[in-house]
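Taking it in order: structure first as structure tokens, then the write-up.
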Amino acid sequence: MVADHIFSRYEDKVENLCIVLPNKRGALFLKHHLAASFGKTIWLPAIISAEELISELSGLQTLEEIDLICHLYESYKACYGVDAETFDSFAKWGQLILQDFNELDRYLADPEQLYENLKDIKVIENWSLGEDNLTEYQQNYLRFMSSLGAIYKHFSQFLLSRGWAYQGLAYRQAVEKMATSPFPEKYHQILICGFNALNASELKIFSYLQQQKKAEIIWDADRYYLDDHNQEAGMFLRKNLPLFGGKEPLFIDENFKDPKQIDIISVPKQLGQAQVVKQQLQQLINEGVPLSTVAVVLANEKLLWPVLQQLPPAVERVNITMEYPLRYTASYGLAESLIQ
């Protein structure tokens with residue numbers, strides 16, 4: 001539908017478009033449908049993810065999590081001094097701090113006010129009418145809660161001084177720099193497609209681009225959950241549509257009302273699940289079903305490798321859009337054994 005819309009409205013200037021998707025997963029399929037819609041050789045538009053858009057607007061490089069944890073530990077030590085825990089201990093809970101910082105910035109909260117209020121709340125929670133003094137554990141806990149604001153400030157300033165960021169900080173900086181960023185001027189139009197729940201930063205950025213007539217917001221929904229206010233799946237769309245002009249989504253389907261066939265197969269072991277996937281895929285192949293219309297959704301990432309090993313010979317290529325943790329690989333097992 002997006003490809004057909006691009007063909008009908010931007011056929012002569014498709015190479016000057018920038019298409020923003022929630023993630024990179026949809027890019028491959030969009031390219032395929034663009035080729036089918038145009039039916040000829042064309043210059044593809046730029047297709048980027050939301051994170052890439054934020055990186056362009058902010059001008060910052062988003063670091064990997066392991067690098068961020070290491071830099072966060074340095075900020076933690078700078079604020080805690082000699083009382084700081086070892087990195088081994090910090091690594092177990094430092095990721096939670098990073099997640100909090102991400103949410104704080106993505107929703108544009110005031111860090112000073114938030115952490116000051118949080119500190120006061122924890123003081124009240126640990127106050128007891130019948131006890132004169134706090135325990136050592138309570139004192140350490142309150143000290144940690146009081147230091148979060150300082151850690152946030154030190155960490156964010158350290159990253160910004162080097163042109164780095166974690167995801168949330170990049171979002172905050174993108175909001176602050178969107179009015180002066182040269183990125184939108186590189187394209188005739190920016191198409192923002194397939195979004196649902198928007199954080200405060202995305203709301204500000206998308207609204208600004210739309211107001212500047214540099215962006216078109218393309219929504220995708222189903223009347224089953226959009227029109228029925230009892231359906232929570234449509235809550236964010238019902239909230240966001242009035243904010244962007246009150247128009248209906250460009251594409252509204254009624255696929256949820258279509259008849260569906262759901263087969264439930266009981267399998268006791270994980271390897272058995274991989275075997276069932278192989279059998280089901282082979283059956284679809286025998287029935288002539290195009291594999292490009294088949295998706296295998298795994299509830300457990302550990303199943304990825306067994307499933308890949310069990311694929312029928314007719315499956316020559318697959319598009320994997322999930323992560324596979326390093327700790328499940330043979331290389332990790334070898335490294336762990338060597339360390340032990």
Could you give every pair whose Cβ atoms fall below 7 Å, whose first residue belongs to region 159-171 and is farther than 15 Å from residue 105 by Cα, and whose second residue is of a type outside the set (Val, Ile, Thr) and part of a strand (DSSP E or B), counting only separations of at least 6 or pairs across chains?
163/61
When you check residue 101 against the structure, is it part of a helix (DSSP H, G or I) and open to solvent by less than 60 Å² (accessible area, probe 1.4 Å), yes or no?
yes
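This table checks each residue for (1) open to solvent by 80 Å² or more (accessible area, probe 1.4 Å); (2) at pLDDT 90 or above.
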{"position": "234", "(1), (2)": "no, yes"}
{"position": "252", "(1), (2)": "no, no"}
{"position": "265", "(1), (2)": "yes, yes"}
{"position": "269", "(1), (2)": "yes, no"}
{"position": "274", "(1), (2)": "no, yes"}
How many of the residues in region 323-340 are open to solvent by 60 Å² or more (accessible area, probe 1.4 Å) and in a loop (DSSP other than H, G, I, E, B)?
3
Would you please list the contacts, defined by Cβ atoms under 8 Å and residues six or more apart or on different chains, that run from a residue in region 271-300 that is among the aliphatic types (A, V, I, L, M) to a residue that is open to solvent by 80 Å² or more (accessible area, probe 1.4 Å)?
274/309; 276/265
Farther than 29 Å from residue 191 by Cα and modelled with pLDDT of 90 or more: is that true of residue 284 in this structure?
yes
Looking only at region 184-196, decide whether some residue is within 19 Å of the chain's Cα centre (by Cα), surrounded by 14 or more Cβ atoms within 10 Å (Cβ to Cβ), of a type outside the set (Gly, Ala, Ser) and in a helix (DSSP H, G or I).
no
Checked 116, 136 against criteria (open to solvent by 90 Å² or more (accessible area, probe 1.4 Å) and more than 18 Å from residue 78 (Cβ to Cβ)); the one match is 136
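Could you pull out the residue among 56, 65 that is closer than 21 Å to residue 156 by Cα, within 16 Å of the chain's Cα centre (by Cα) and acidic (Asp, Glu)? It would help to see each step written out before you state the result.
Values: 56 fails: within 16 Å of the chain's Cα centre (by Cα).
Unique residue meeting the criteria: 65.
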Number of the exception - residue 261 against (1) touching a Phe, Trp or Tyr at 6+ places or on another chain (Cβ under 9 Å); (2) over 23 Å from residue 171 (Cβ atoms)
(1)
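A quick yes/no check of all residues on (1) out of contact with any strand residue (DSSP E or B) (no Cβ under 6 Å at 6 or more places or on another chain); (2) free of Cβ contacts under 8 Å to residues at least 12 places away in the same chain; (3) more than 30 Å from residue 220 (Cα to Cα):
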position	(1), (2), (3)
2	no, no, no
5	yes, no, no
15	yes, no, no
20	no, no, no
57	yes, no, no
65	yes, no, yes
83	yes, yes, yes
90	yes, no, yes
Scan of region 143-153 for residues that are within 32 Å of the chain's Cα centre (by Cα), of a type outside the set (Gly, Ala, Ser) and either at pLDDT 90 or above or farther than 20 Å from residue 69 by Cα (or both), ordered by number
148, 151, 152, 153
If I go through region 51-77 residue by residue, how many of them are in contact with a Leu (Cβ under 8 Å, 6 or more places away or on another chain) and surrounded by fewer than 21 Cβ atoms within 10 Å (Cβ to Cβ)?
4
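The values are calculated or read from the model by the stated rules, or taken from the named source; none is laboratory data. This one's a predicted model, so the numbers in the text were calculated from it and none came from an experiment. Heads up, the Cβs are rebuilt from the backbone with ideal geometry, glycines too, and the neighbour counts pull from every protein chain shown. All accessible areas refer to the heavy atoms of the entire protein, side chains included, with ligands and DNA or RNA removed. Shrake-Rupley method; radii C 1.70, N 1.55, O 1.52, S 1.80 Å.
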